[in-house]
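The values are calculated or read from the model by the stated rules, or taken from the named source; none is laboratory data. Quick caveat: nothing in here was measured; it's all calculated off a predicted structure. For neighbour counting, all protein chains shown are included, and Cβ atoms are generated from backbone atoms with ideal geometry for every residue, glycine included.
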Amino acid sequence: MTITMSAKGTSIKDSFRSSVEKKLAKLGRFFDDDTAAHVTVSTEGGREKVEVTIKSGGLNFRSERTTADRLDSLDAVVDVLSRQIIKNKGKLEKRLRQNAFAPGYDADFVGVENTSYEIVKTKRFPLRPMTAEEAILQMNLVGHSFFVFRDSESGLTCVVYRRDNGDYGLLEPEGN
């Protein structure tokens, strides 16, 4: 696994770099060697934020945590990523490294259950061309946390969503 690190408004000490490499090495058993992990560290209001994004074979795993201590944030992020992988092991087995889930793989993760997903409702609606700002307005009018629309400029199907901090995000497909 290739690990890259970046810092926003802070610096990264060698001791933290080695901690990151050690912690992410535990996740390495799930991934092939061509997997890339990107770690971003930032300081916000005296609190340490650690974000980890792992890209492997078209799959993206991401987690971020903010705590008073950088190492605590790193521990929490690795725990979340491990649980994401273990929880979805049935769906991921074909796309991750062979034998990633050999017997004993979840000895450290007691209480993690293998869940299945069930679609309980399907909704169809027309995609109307509009700008992202119009889509945000529509999303707020219907009281949802996301809204799917066709971008009037590019013609692409996009999604606007409300972020945890109250801001808005825009998802655009790559390519075509």
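With respect to residue 50, is the statement that it is touching a helix residue (DSSP H, G or I) at 6+ places or on another chain (Cβ under 7 Å), within 17 Å of residue 69 (Cα to Cα) and assigned to a helix (DSSP H, G or I) true? Judged against the criteria, residue 50 is not a match. Scanning segment 1-47 for residues that are among the polar types (S, T, N, Q) and more than 23 Å from residue 68 (Cβ to Cβ) turns up 2, 4, 35. For segment 92-102, the criterion of being surrounded by fewer than 10 Cβ atoms within 10 Å (Cβ to Cβ), modelled with pLDDT of 80 or more and not assigned by TED's automatic domain parsing to the domain that holds residue 22 is met by no residue. Once segment 17-47 is narrowed to residues that are of a type in the set (Gly, Ala, Ser) and in contact with a helix residue (DSSP H, G or I) (Cβ under 7 Å, 6 or more places away or on another chain), the residue that is surrounded by the most Cβ atoms within 10 Å (Cβ to Cβ) is 37.
For segment 51-71, a residue qualifies if it is touching a residue at least 24 places away in the same chain (Cβ under 8 Å) and farther than 17 Å from residue 165 by Cβ, and the qualifying residues are 52, 54, 56, 57, 58, 59, 61, 70, 71. The set of residues from segment 63-80 being out of contact with any helix residue (DSSP H, G or I) (no Cβ under 8 Å at 6 or more places or on another chain) and of a type outside the set (Gly, Ala, Ser) comprises 69, 72, 77, 79, 80. The one condition from (1) within 25 Å of residue 161 (Cβ to Cβ); (2) at pLDDT 80 or above; (3) under 19 Å from the mean Cα position of the chain (by Cα) that residue 48 does not meet is (1). For segment 48-69, the set of residues classified as surrounded by 17 or more Cβ atoms within 10 Å (Cβ to Cβ) and of a type in the set (Asp, Glu) consists of 48, 51, listed by residue number. Selection over segment 39-64 of residues that are basic (Lys, Arg) and either closer than 18 Å to residue 17 by Cβ or touching a His at 6+ places or on another chain (Cβ under 6 Å) (or both) gives a count of 1. For segment 54-83: of the residues being among the acidic types (Asp, Glu) and over 20 Å from residue 2 (Cα atoms), which is farthest from the chain's Cα centre (by Cα)? Top of the filtered list is 69. How many residues does segment 120-176 contain that are basic (Lys, Arg), over 30 Å from residue 44 (Cβ atoms) and either at pLDDT 90 or above or assigned to a strand (DSSP E or B) (or both)? Within segment 120-176, residues that are basic (Lys, Arg), over 30 Å from residue 44 (Cβ atoms) and either at pLDDT 90 or above or assigned to a strand (DSSP E or B) (or both) number 1.
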